[in-house]
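What follows is one structure encoded as structure tokens, with my remarks underneath.
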Amino acid sequence: MEASLGIQMDEPMAFSPQRDRFQAEGSLKKNEQNFKLAGVKKDIEKLYEAVPQLSNVFKIKDKIGEGTFSSVYLATAQLQVGPEEKIALKHLIPTSHPIRIAAELQCLTVAGGQDNVMGVKYCFRKNDHVVIAMPYLEHESFLDILNSLSFQEVREYMFNLFKALKRIHQFGIVHRDVKPSNFLYNRHLKKYALVDFGLAQGTHDTKIELLKFVQSEAQQERCSQNKSHIITGNKIPLSGPVPKELDQQSTTKASVKRPYTNAQIQIKQGKDGKLMKQSKTVDVLSRKLATKKKAISTKVMNSAVMRKTASSCPASLTCDCYATDKVCSICLSRRQQVAPRAGTPGFRAPEVLTKCPDQTTAIDMWSAGVIFLSLLSGRYPFYKASDDLTALAQIMTIRGSRETIQAAKTFGKSILCSKEVPAQDLRKLCERLRGMDSSTPKLTSDIQGHASHQPAISEKTDHKASCLVQTPPGQYSGNSFKKGDSNSCEHCFDEYNTNLEGWNEVPDEAYDLLDKLLDLNPASRITAEAALLHPFFKDMSL
Ligand code: ADP
Ligand code: MG
């Protein structure tokens, strides 16, 4: 049977508007592709020029990743006798701070190479160009496979993520940017790799020597406010170019300062440069979430508020905006509080969003919880907010406003919220978003197989559970492997179409673990080590 193209074959083709449209679209796509290919070719040439020794070892084939701070290429190399090896070459932007680069490399060399943490093969440098050569792991696009994963695959994915997190946390590494694009997953080979230590920081007892010298945004800010010395290994500037407005997938790297006009928590600095609780530190302009009628506005302050002054204001000045949802001009003139907040907005833990200065490995566990939430609900990204306070309000819509406020108190932050919203039942929420609540016990075929690229919670989403309606599912592209090499596993796609298995009887343990990952209080949040021992993984071994 011939497929109908919707074109009458006896039509004078030369004048067919339909055909013209197809042709125009086709050639537009081709042009775009050619343009892209030419760009990649140029970038590869430039890389060979910048680091000429690469050409002795590698054949660079394609560009497979491009972020604000690095470009990643697929290359092949004849490293030892035997077949050619596939290698990922990460070219770091030349403006990255040398200590930052060295620390990223040290994380990979010391903690990497086992337990699902990416290792490193070589590192090349010429002048300020650094290229890290790593084993290449062909991987899936999270969004493309999200709704076709079986429940067992989700279990394995999370188990392997915790394995990687346990490993790095044992070394005192806080990754700070745990998200699907930094956790490579080859579904066919069941291989996993945590990558990208470009934002990593050390715990107070970190075993990664160079992380002790890596400065967070907060420390840099403090240093620049104090006009004290910052580590400068050479003349390369500390800050990279200010990135274009970053989206959900993007990252705010530690070395880049973005203007945070609407989230200004202030802290006071002591004479010795130590951070002190700010006396009166009101910060944020009210951020509105959802519809006008049902908006939640939030405002965060340090808890130990004494009605005194901030460093940049005359000591005698007090104001009346405390505990209101306004920010007065006195408070606006106060210095900002700074705390590490690098990472990707939708994955930031409450203590990051509220600029808590003492952040631990628990922030990675929160991010893992957000990934798990996506896997259980079939929604990615789960949260999408344009600023930290909106993100905080979005967290409240899931975890409850009272609970969030209570938890924030434990780490010294006081949150004002204009409206009380209840915590949601995680199972009901995920089942509803997946299109599978108690009234419809099975996933319907039209929902299955369509990974939704619509965030579950966006700024347009009402905060009420009842209003977390299913947005139109996105198209399942089917092409889930990263392309760029002729051997990509395209033949594997069919067998991965959709897998309902296990989704109609998700055990309570899954939601119990999710609840423990999305614990608003970092002190009681589950650790990676404990997560691996959780009953959800009872029949799985390390
Ligand atoms: P960035 O700091 O720019 O985010 P990443 O280290 O996260 O850099 O790499 C960007 C992308 O490059 C990853 O999301 C992944 O798609 C790809 N990538 C990185 N390392 C590897 C690797 N070892 N094997 C295969 N792909 C990789
Ligand atoms: Mg990355």
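The values are calculated or read from the model by the stated rules, or taken from the named source; none is laboratory data. Just so we're clear, the structure is a prediction, and the values are computed from it rather than from any experiment. Note that each Cβ is placed from the backbone with ideal geometry, even for glycine, and that neighbours are counted across all protein chains shown. The area values use the complete protein model at the heavy-atom level, side chains included, leaving out ligands, DNA and RNA. Shrake-Rupley method; radii C 1.70, N 1.55, O 1.52, S 1.80 Å.
Whole-Hz ³J(HN,Hα) for each residue in region 392-399, computed from phi via Karplus 6.51 cos²θ - 1.76 cosθ + 1.60 with θ = phi - 60°, x for glycine and proline: what do you get?
Per residue, the Karplus-derived 3J(HN,Hα) values read 5, 5, 5, 4, 4, 5, 9, 9 Hz.
When the Cα centres of region 93-117 and region 503-542 are compared, how far apart do they sit, in Å?
29
Taking amide hydrogens as modeled 1.01 Å from N in the peptide plane, which residues meet the under 5 Å criterion relative to residue 187, leaving out close sequence neighbours?
140
Quick check: residue separation of residue 437 and residue 25 times 0.36 nm, minus the Cα distance between them. What number comes out in nm?
144.3 nm
Using per-residue counts of other Cβ atoms within 10 Å, averaged over each peptide, order 75-85, 416-426 from highest down.
Ranking, from highest mean packing down: 416-426, 75-85.
Given labels modelled 7 Å from the Cα in the Cβ direction, how far is it in nm from residue 523 to residue 328?
Going from the residue 523 label point to the residue 328 one covers 3.2 nm.
Given H placed on each backbone N at 1.01 Å, which residues far from residue 64 in sequence or on other chains put an amide H within less than 5 Å of it?
Result for residue 64 returns 72, 73, 74.
Among the listed pairs 121/166; 42/90; 163/516; 30/86; 30/126, which are separated by more than 26 Å between their Cα atoms?
30/86; 30/126
In sequence order, what are the phi-derived ³J(HN,Hα) couplings for region 84-93 according to the Karplus relation 6.51 cos²θ - 1.76 cosθ + 1.60 with θ = phi - 60°, rounded to whole Hz, with x for glycine and proline?
Each residue of region 84-93 in turn: 4, 9, 8, 10, 9, 10, 9, 9, 7, 4 Hz.
Sorted by accessible area with a 1.4 angstrom probe, largest first, how do 105, 146 fall?
Listed by decreasing accessible area, they come as 105, 146.
Which of rounded, prolate, oblate describes region 327-374, given a ≥ b ≥ c as roots of the alpha-carbon gyration tensor eigenvalues and a/c under 1.5 marking rounded, otherwise prolate only if a/b is larger than b/c?
Here region 327-374 falls in the prolate category.
Packing-wise, with mean Cβ within 10 Å as the measure, how do 46-57, 30-41, 351-362 rank, highest first? Before the final figure, lay out the partial values.
Details: 46-57: 15.1, 30-41: 11.3, 351-362: 23.5.
Top to bottom by mean Cβ count within 10 Å: 351-362, 46-57, 30-41.
Report, by chain and number, residues whose modeled amide H sits under 5 Å from the one on residue 301, excluding near sequence neighbours (fewer than 5 apart, same chain).
414, 415, 416
Ranked by accessible surface with a 1.4 Å probe, highest first, in what order do 427, 125, 432 come?
My answer, sorted largest first, is 125, 432, 427.
Once both labels are modelled 7 Å past Cα along the beta-carbon direction, what's the residue 418-residue 512 spacing in nm?
Here the modelled spin labels are 4.0 nm apart.
Just subtract the alpha-carbon distance of residue 320 and residue 152 from 0.36 nm times their residue separation and send over the number in nm, one decimal.
Computed gain between residue 320 and residue 152 is 55.0 nm.
Which order do the peptides 58-65, 381-388 take when ranked by the mean count of other beta-carbon atoms within 10 Å per residue, highest first?
Ranked by mean Cβ neighbours within 10 Å, highest first: 381-388, 58-65.
Please give the FRET efficiency for residue 542 paired with residue 505, using the beta carbon to beta carbon distance and R0 = 22 Å, rounded to the nearest 0.05.
Step by step, r from the Cβ atoms, then E = 0.30.
List, in order, the whole-Hz ³J(HN,Hα) value for each residue of region 135-151 obtained from phi through the Karplus relation with A = 6.51, B = -1.76, C = 1.60 and θ = phi - 60°; use x for Gly and Pro.
Per residue, the Karplus-derived 3J(HN,Hα) values read x, 8, 10, 5, 8, 8, 8, 3, 4, 5, 9, 2, 8, 10, 6, 6, 4 Hz.
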